[in-house]
Every structure is written in structure tokens, then in C-alpha cells.
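Asker: Before we start, here is the structure in question, set down as C-alpha cells.
The values are calculated or read from the model by the stated rules, or taken from the named source; none is laboratory data. Fair warning: this is a prediction, and the values are worked out from it, not measured in the lab. All Cβ positions, glycine included, derive from the backbone under ideal geometry; neighbour counts span all protein chains shown. Keep in mind that these areas ignore ligands, DNA and RNA; they rest on the heavy atoms of the full protein, side chains included. Shrake-Rupley method; radii C 1.70, N 1.55, O 1.52, S 1.80 Å.
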Amino acid sequence: MVKLLEGKPLAEKIKDTIKQKILGSGKKVYLASIQVGENPAADSYIKSQKKNAELLGINYQLHKLGNQTTEGELVEYIEKLNHDPAVNGIIVQMPLPLHMDYKKISGFISADKDVEGMHPANMGKIVFGKAGIIPCTVNAVMELLNATGLEFAGKEVVIVGHSEIVGKPLSLLLLEKLATVTVCHIGTSKAGKLEEHVRRAEVLIVAVGRAGLIKGEWIKEGAVVIDVGINRVGDKIVGDVEFDEAQKRASWITPVPGGVGPLTVTMLMRNLVEAAKL
């Protein structure tokens, strides 16, 4: 029988630990959130962040900047927060206006206050096996994988999607656990080899954002399947994997919604606690 890897129960356990750490420290923890311009999708994520922060006793402050803010002005604002000793963590909300480059902006956040784990220094620590603050979605995936009790050494792990926020750092963390990691991307698909790689995966992680990209019949018997994708199809939210067919073959599988998503904001708050230590 397939087992569902649900994020909410794990998130609640982690929140309890976070709350105890904050209470035990006897210090206020302050997260500065910067939003440039207006975006309904960002508003929803901000609301979730604020709600979670308040439940954990974290001081969450939203700093709203106008859509016409220049990159230089945003960098100045970030530098001000970098030098504010009361601020433990900084997050710049996505998406940014088209005239801004997030990869460039993320490098200006102090590495010790980078709660999203996207600063080049934090990414570099992952490369050298010294991971500290890890990208939130990657952290969520690792928590779900660890919950299976799986021994990773020698396992065939296939990651579909090679983004900076999921595929690349995740592949490095799994290599540290001695898994045999294959990363698939658009080139793999164009070469007609995606199915071939997916069929041999003992652990499959998909983070593309394309509904039904991975056919359920491709899933290896007994595989662990982590679906990071979130896609709206009509009035339904679905993942990148054909869930109904995949669950007939997998040993563990994340539902969409309800798998990776509930853990992501919790990982942001855990990163904040790590940043506060730094």
C-alpha cells in the first residue's frame, strides 16, 4: 500500500521545536520582509508568512516599496536592514518588477540574514558539504525524504528540474548522502530520454511546474515520489506527476496540494532561527 507523505503533520512538529527554541533563547526574533510593487500571488504568500510568524512569536515586519523603486534604491534599503542589529532575517518577496534582477539582488542580502538560502555564500556552503541556511523548498523536500526512513547511499535518485532554488542545491545535498543522482531538464526531454531516466528512479523528485509531465506508468514499483509542482488545471490544483496512476506503483508519494507546500513557510521560519544564531 502506498503511503502519503503529507507536509502538515511534519510542519506542526517542526513548529513546536522552533517555538521552544525561540522561548528558550529569551530573545525577540525579527524577520524583515520586503515587497516591491503589488502582486496578488505574493500577497497570499506574505499572509501565510505573517500568520506563521505570529503563531511562533516572531516579529514579522513588511516593508512595502513602490513599483517604480530602482534596483539601487532597493539595494540601499537592504543594506540598511543588513546593518540593523535588531533584524535577524531578510526576505525579498517574488516576483520583483521586470526591471529588477533577483539573482543580483539576492547577493546584497547579508549571508547571515539570508533566510531563503539564496546568497552565493550559502549556496557555496552546500557545494562544500557545510550547508547552513538551505533554500526553503529544498529543506522541505529533504524533511519529507527523511520521514520515509530511507537509506540514500547507492539509491538511484532522479531530479526533474534544474533550477537554482530546487534542482541544483537538492542534487548536491543528496550527493552528500552518497545517492547516485541524475538531474533531468529540458535537454533531457528534447533528447527523448526523460521516460528512460524516470523509470529507473528509486527516488523521484519533480519540480518543473507542468501538469502531468511525468506519466504515472513511468514510476518504478516501490519508488518514493516527491512532487514539488503546483499547477492549476480548471478548478483543481495538481502536481507535475499523474497522481492517480503513480500512487498505484509508488511506496511513498506526496499529494498536491498538501505535500511540499505546507512545509515551505515552516522551513523559512526555521532558517530564521538559524540566522538569529549567526
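Asker: What is the residue count in the stretch 195-213 for residues that are open to solvent by less than 60 Å² (accessible area, probe 1.4 Å), within 23 Å of Leu173 (Cα to Cα) and either within 23 Å of the chain's Cα centre (by Cα) or at pLDDT below 95 (or both)?
Answerer: Residues meeting the conditions: 8.
Asker: Hey, among Ser189, Ser171, which residue is among the hydroxyl-bearing types (Ser, Thr, Tyr) and either part of a loop (DSSP other than H, G, I, E, B) or surrounded by fewer than 17 Cβ atoms within 10 Å (Cβ to Cβ) (or both)?
Answerer: Residue meeting the stated conditions: Ser189.
Asker: Further, regarding this structure: Can you tell me which residue within the stretch 47-72, out of those that are β-branched (Val, Ile, Thr) and under 22 Å from Lys104 (Cα atoms), is surrounded by the fewest Cβ atoms within 10 Å (Cβ to Cβ)?
Answerer: Once the filter is applied, the top-ranked residue is Thr70.
Asker: Suppose we filter the stretch 123-153 for residues that are within 14 Å of the chain's Cα centre (by Cα) and either under 13 Å from Ile226 (Cα atoms) or β-branched (Val, Ile, Thr) (or both); how many remain?
Answerer: 11
Asker: Give the stretch 119-147 a look and list any residue that's hydrophobic (A, V, I, L, M, F, W, C) and in a helix (DSSP H, G or I), or say none.
Answerer: Initially, the stretch 119-147 is screened for residues hydrophobic (A, V, I, L, M, F, W, C), giving 121, 123, 126-128, 131, 133-134, 136, 138, 140-142, 144-145, 147.
Hits for the stretch 119-147 are Ala121, Met123, Ile126, Val127, Cys136, Val138, Ala140, Val141, Met142, Leu144, Leu145, Ala147.
Asker: Right, something else. Of all residues in the stretch 107-153, count the ones that are crowded, with 19+ Cβ neighbours inside 10 Å, more than 19 Å from Tyr30 (Cβ to Cβ) and either of a type in the set (Val, Ile, Thr) or touching an Asp or Glu at 6+ places or on another chain (Cβ under 7 Å) (or both).
Answerer: Matching residues across the stretch 107-153 total 7.
Asker: Considering the stretch 74-106 alone, what residues qualify as being of a type in the set (Gly, Ala, Ser) and open to solvent by 30 Å² or more (accessible area, probe 1.4 Å)?
Answerer: The answer is Ala86, and nothing else.
For (1) charged (D, E, K, R); (2) in contact with a helix residue (DSSP H, G or I) (Cβ under 8 Å, 6 or more places away or on another chain); (3) in contact (Cβ under 8 Å) with a residue 40 or more places away in the chain; (4) open to solvent by 40 Å² or more (accessible area, probe 1.4 Å), each residue gets a yes or a no:
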{"site": "Glu242", "(1), (2), (3), (4)": "yes, yes, no, yes"}
{"site": "Glu245", "(1), (2), (3), (4)": "yes, yes, no, yes"}
{"site": "Ala250", "(1), (2), (3), (4)": "no, no, yes, no"}
{"site": "Val256", "(1), (2), (3), (4)": "no, yes, no, no"}
{"site": "Gly261", "(1), (2), (3), (4)": "no, yes, yes, yes"}
{"site": "Thr264", "(1), (2), (3), (4)": "no, yes, yes, no"}
{"site": "Leu268", "(1), (2), (3), (4)": "no, yes, yes, no"}
{"site": "Asn271", "(1), (2), (3), (4)": "no, yes, yes, no"}
{"site": "Ala275", "(1), (2), (3), (4)": "no, yes, yes, no"}
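Asker: Oh, and also: In this structure, does Lys220 turn out to be open to solvent by 20 Å² or more (accessible area, probe 1.4 Å) and either farther than 15 Å from Ile253 by Cβ or out of contact with any helix residue (DSSP H, G or I) (no Cβ under 7 Å at 6 or more places or on another chain) (or both)?
Answerer: Considered against the rule, which asks whether it is open to solvent by 20 Å² or more (accessible area, probe 1.4 Å) and either farther than 15 Å from Ile253 by Cβ or out of contact with any helix residue (DSSP H, G or I) (no Cβ under 7 Å at 6 or more places or on another chain) (or both), Lys220 comes out as no.
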